[in-house]
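Written below as structure tokens is the structure these notes are about.
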Amino acid sequence: MTRPAGARSVHRRPVARKLRGTRGLVGWLFVAPAFAFYAVFVLRPIALTFQYSLYEWDGIGPSTWVGAANYGRVFTDRDLFESLVNAFQLIVFFSAVPVVLGLAVAATIRRIAASRLALVARTVLFLPQVIPLVAAGIAWSWLLASTGVVNQLLSLVGLGGVTRAWLGDFATALPAVGMIGAWVLLGLCTLLLLAGMSKIDPALYEAARLDGAGPWREFVSITIPSLRQEIAVCVTVTVIAALASFDIVYISTQGGPGNTTMVPGLQIFYLAFADREVGTASALAMVLMILVIACALPIQWFAKDNNR
């Protein structure tokens, strides 16, 4: 006896649902180890940091509930607030300089891609990513010292009047730290942008040349719009590096002179381990995390929104 087609389809539905449920369970089993690792080493520390930020605690003795008082101190204490301002000033050096120079350098390397000079340039530019940041900070501290190579070269070309201890001067310490960060991040941005340029269809450039477009018009009308996603990645990475900077500042200036190069990451370290103010340090850490997210999300949204 032949079973009606409708009966067969009804019979298959529970089987299909069970199969989908089994596949979903298997998928969650694969995700579970990574999620457990993420929960233990990321989500739990964030939750504990938020909990500590609501207390006044020295890290050893009993704690005292203070509510949002620690957050109020972050924005009313001059030293803590200036560390946030310094971090945003570093964005100009850590982000704007590497991305803009990276675009120019990547476009130049792309034009000479067949030569050995292009390979040498890529290697030299990427070296800062291989060198430990502690070693880079020490090296630049020597270079920018009052008797360092930079001042010696300036004196050699007749600019001895502008020489100074670049990392020890109140006016130049923060820009000097920013230039070190720009040097570190330039190679990464250049390689990311160069990889994006390699995916651009050469026919677009040929069509532009046929229409009489020059190199600058090609760069503005074809290269930059085609690199929207890569530029967004570079800006996101470099902005986070500026806001969360620690190692370069700690090695080169330790926040000085005065507090001119003090950044949130270094301030958190001093508050928690030197001043024993764990609650305030936790509040500043939470504020820093929120600022990083607030800066990174709009960049990603802008890139996706314009790519539709």
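Data overview
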{"quantity": "Residue within the stretch 263-285 that is part of a loop (DSSP other than H, G, I, E, B) and within 18 Å of the chain's Cα centre (by Cα) present", "calculated": "yes"}
{"quantity": "Matching residues in the stretch 47-65 - criterion: being modelled with pLDDT under 90 and part of a helix (DSSP H, G or I)", "calculated": "none"}
{"quantity": "Conditions (1) surrounded by 21 or more Cβ atoms within 10 Å (Cβ to Cβ); (2) under 30 Å from Gly61 (Cβ atoms); (3) in contact with a Leu (Cβ under 9 Å, 6 or more places away or on another chain); (4) not charged (D, E, K, R); number of the one not met by Val287", "calculated": "(1)"}
{"quantity": "Filter pass, Val26 being outside the structural domain of Thr238 (by TED's automatic domain parsing) and aliphatic (A, V, I, L, M)", "calculated": "yes"}
{"quantity": "Failed condition for Ala242, given (1) surrounded by fewer than 20 Cβ atoms within 10 Å (Cβ to Cβ); (2) modelled with pLDDT of 90 or more; (3) part of a helix (DSSP H, G or I)", "calculated": "(1)"}
{"quantity": "Count - residues of the stretch 254-281 that are among the hydroxyl-bearing types (Ser, Thr, Tyr) and crowded, with 24+ Cβ neighbours inside 10 Å", "calculated": "2"}
{"quantity": "Selected residue [assigned by TED's automatic domain parsing to the domain that holds Phe246 and in contact with a Phe, Trp or Tyr (Cβ under 8 Å, 6 or more places away or on another chain)] from Val149, Val105, Val162, Val100", "calculated": "Val149"}
{"quantity": "From the options Arg12, Arg44, Arg73, Arg17, residue that is more than 24 Å from the chain's Cα centre (by Cα) and either at pLDDT 90 or above or at positive phi (or both)", "calculated": "Arg73"}
{"quantity": "Residue check for Phe302: over 29 Å from Leu101 (Cβ atoms) and in the same structural domain as Ala135 (by TED's automatic domain parsing)", "calculated": "no"}
{"quantity": "Residue within the stretch 157-165 that is crowded, with 16+ Cβ neighbours inside 10 Å and assigned to a helix (DSSP H, G or I) present", "calculated": "no"}
{"quantity": "Exclusive hit being closer than 25 Å to Arg122 by Cα and surrounded by 14 or more Cβ atoms within 10 Å (Cβ to Cβ), set Thr236, Thr172", "calculated": "Thr236"}
{"quantity": "Filter result for Asp247 (among the acidic types (Asp, Glu) and either within 18 Å of Ala96 (Cβ to Cβ) or under 19 Å from the mean Cα position of the chain (by Cα) (or both))", "calculated": "yes"}
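The values are calculated or read from the model by the stated rules, or taken from the named source; none is laboratory data. Computed from a prediction, not measured in an experiment: that's the story for all the values here. All Cβ positions, glycine included, derive from the backbone under ideal geometry; neighbour counts span all protein chains shown.
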